[in-house]
Amino acid sequence: MGRKKETVTYSSTFSTSVREGSMGAGVQFASTLDPLSDQNSNVVEHYRPRVSYYMREQAGNFHYGKQHPMKPHRLTLTNHLVLNYGLHKYMDVYEPRRATEEEIRQFHAADYIDFLKRVTPDNQNEFGNCFSEFNIGDDCPIFDGMWDFCRIYSGASIEAARKLISGASDIAVNWMGGLHHAKKYEPSGFCYVNDIVLAILQLLRYYPRVLYVDIDIHHGDGVQEAFYTTDRVMTCSFHKYNGEFFPGTGAIDEMGSGLGKFYAINVPLQDGIDDRSYTQLFKTVMTAVMETFKPGAIVLQCGADSLGLDRLGVFNLSIAAHGECVKFMRRFGVPMMVIGGGGYTIRNVARCWTYETGIVCGADLPDQLPNTVYNEFFAPDYSLHPQLSGRVVNHNSRPYLNALTARILEQLRYLKGAPSVQMQEAPPDIQGFLESEEHRQKDIDDDKNKDKKEDRSGRREHIAELYEGDHDHDAEDSSSVLDI
Ligand SMILES: [Zn+2]
């Protein structure tokens, strides 16, 4: 059970896209990001986070089906742009291990996992009776390698969470993850395994409070549902809501229950919201959330279907405005996971997530896209910031947005007065975490010897290694029960 480690070898994986001497031309490392217009005492100036980035080339090769809007190929496009902008020079890049079944079982039901593991396009007829039970259909088809795909994107989110806990990274980026609709017993909305819930469960072992923020156009229902009754996770979702738009939930009065009352925040929006309205609303709400909840870690789901011209979306956001949300959350200087999600006009998904990778690194990317073997996707402008807005009329009136804001701020004021906001310092499972890390590190230590840095466990870690880890489960700790 050894963790296999290799030196980063982009050239073997992305040989056509990365050429020495051509990487990163024009990328500027910003000395500081633009100051916020609104002063905020929680903001950390001159923040220089250590960023880790998780990618697996195979993740881009899965197919949901020819007509299906979810195209994992967007991950390949994103990685090629990220690498050819040279952003890997500002990050630790990892090829993460797959999640183990045991890890996935920390949220999902055993019989559902068993189904996911066993069913294939070839044998699916034998499972006919299970399809309605497990919500299999057009949205969530059975496709080749489905279980492997789930393990890849979930493993990356779990690794990213652990990297934050260990202190080896301040921001961890996994564009493969963010599948926020998956439920404990069934898939939903193209999502089979909820990597976000799994990652947050990891974070809760160390951080007393975790904030989940979701800027996908769809309501982050799977995550909200998982943590609806706890005050240790605040979920905050900005999405289109009219009671019918998928998944049909996310009304403003869904606020959590029991101990979790007021800890679910929903920001229901109408079609066509524009940059100015969205970013203003986002900043106002998130400023209040950060002041009130004071999270130890943030998980930011960056679904790109909230962009204008999305195949399924109906908002008007530009890539700059979408990225502004990432920039805003980064400035709080709180350990943060940045993950993907929806996004169905894949040329713009790749642009958006590349831009946001630049943001977390503090790099200003030139508008001219670098050359990749996928150039044709970005014709005719080949730019990072094409015009995306204007297709949909903005149905969010100023009075509507004002009322929405007032209502959410009021909810946060309730939370401030609630007993549970005494911010109970639930005993984190840091001992268990450190023990499992120690085990993992032992394998790493056996064959490492250079470019090291401290992590929170007091051990040291290679700065630019490529983790390869199917044999690297070391999930001995995964049987621990997470009592949140
Ligand atoms: Zn979505």
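No lab work stands behind these numbers, since they all come straight from the coordinates. No experiment lies behind these values; they were computed from the predicted model shown. All Cβ positions, even for glycine, are placed from backbone atoms using ideal geometry, and neighbour counts span all protein chains on display.
Rounded if a/c is under 1.5, else prolate if a/b beats b/c, else oblate: with a ≥ b ≥ c from the C-alpha gyration tensor eigenvalues square-rooted, which is segment 329-376? It would help to have the intermediate numbers written out before the result.
Numbers: a/c = 3.24, a/b = 1.54, b/c = 2.11.
Note, shape of segment 329-376 comes out oblate.
Once you charge only the Cβ atoms, +1 for Lys and Arg and -1 for Asp and Glu, what is the size of the charge dipole of segment 183-222 about its Cα centre, to the nearest 20 debye? List each step's numbers first, then the result.
Working: 4 positive and 5 negative charges, 53 e Å.
About 260 debye.
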Spelling it out for Leu269: with amide H atoms placed in the peptide plane at 1.01 Å from N, the residues 5 or more places away or on another chain with amide H under 5 Å from its amide H are His239, Lys240, Tyr241
Karplus (6.51, -1.76, 1.60) ³J(HN,Hα), θ = phi - 60°, over segment 198-204, in Hz, Gly and Pro reported as x: 4, 5, 5, 4, 5, 4, 5
Using modelled amide H (1.01 Å from N, peptide plane; none on Pro or chain starts), what sits under 5 Å from the amide H of Val299, excluding residues fewer than 5 places away? Leu211, Tyr212, Val213, Met337
Ranked by Cβ crowding within 10 angstrom, fewest neighbours first, how are His46, His395, His88 ordered? His46, His395, His88
Which of the peptides 266-275, 371-380, 162-171 is most tightly packed, and how do the rest follow, judged by the mean count of other Cβ atoms within 10 Å per residue? 162-171, 266-275, 371-380
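Take the alpha carbon gyration tensor of segment 235-366, find the square roots of its eigenvalues, order them as a ≥ b ≥ c, and report rounded if a/c is under 1.5; if not, report prolate when a/b exceeds b/c, else oblate. Please report the intermediate quantities before stating the final value.
Numbers: a/c = 1.90, a/b = 1.14, b/c = 1.67.
Oblate, since a/c reaches 1.5 and b/c is not below a/b.
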Between the residues Tyr355, Val314, Phe378, the Cα farthest towards the positive end of the dipole of segment 274-407, that dipole coming from +1 and -1 charges on the beta-carbon of Lys, Arg, Asp and Glu, is from Val314
Which one, Gly303, Asn242, Tyr344, is farthest towards the positive end of the dipole of segment 241-391 when Lys and Arg carry +1 and Asp and Glu -1 on their Cβ? Gly303
Expressed as a rounded percentage, what relative contact order does segment 203-354 have, with Cα pairs under 8 Å and six or more residues apart? 25 percent
Of the listed pairs Lys184/Lys261; Lys184/Lys327; Lys89/Lys163; Lys71/Lys283; Lys117/Lys240; Lys261/Lys283, those with alpha carbons more than 26 Å apart are Lys184/Lys327; Lys71/Lys283; Lys117/Lys240
Counting other beta carbons within 10 Å of each Cβ, put His180, His108 in order, fewest first. His108, His180
Would you kindly derive the ³J(HN,Hα) couplings of segment 183-189 from the backbone phi angles with the Karplus curve 6.51 cos²θ - 1.76 cosθ + 1.60 (θ = phi - 60°), listing them in order in whole Hz, with x for Gly and Pro? 10, 4, 9, 7, x, 7, x
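Placing unit charges on C-beta atoms (Lys and Arg positive, Asp and Glu negative, everything else neutral), compute the dipole magnitude of segment 126-185 about its Cα centre in debye, rounded to 20. Please list the in-between numbers first.
Values: 5 positive and 8 negative charges, 77 e Å.
Result for segment 126-185 is approximately 380 debye, rounded to the nearest 20.
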What ³J(HN,Hα) values, in whole Hz, does the Karplus curve 6.51 cos²θ - 1.76 cosθ + 1.60 give for segment 310-319 when θ = phi - 60°, with x put for Gly and Pro? 5, 4, 10, x, 9, 8, 10, 6, 8, 5
Relative contact order, percent, segment 313-398 [alpha-carbon distance under 8 Å, six or more residues apart]: 45 percent
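Within 10 Å of each residue's Cβ, count the other Cβ atoms and sort Phe227, Phe238, Phe143 from fewest upward. The partial results should precede the final answer.
On the way: Phe227 24, Phe238 28, Phe143 17.
So the residues, fewest neighbours to most, are Phe143, Phe227, Phe238.
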Cα shape, segment 178-263, gyration tensor, a/c 1.5 rule: oblate
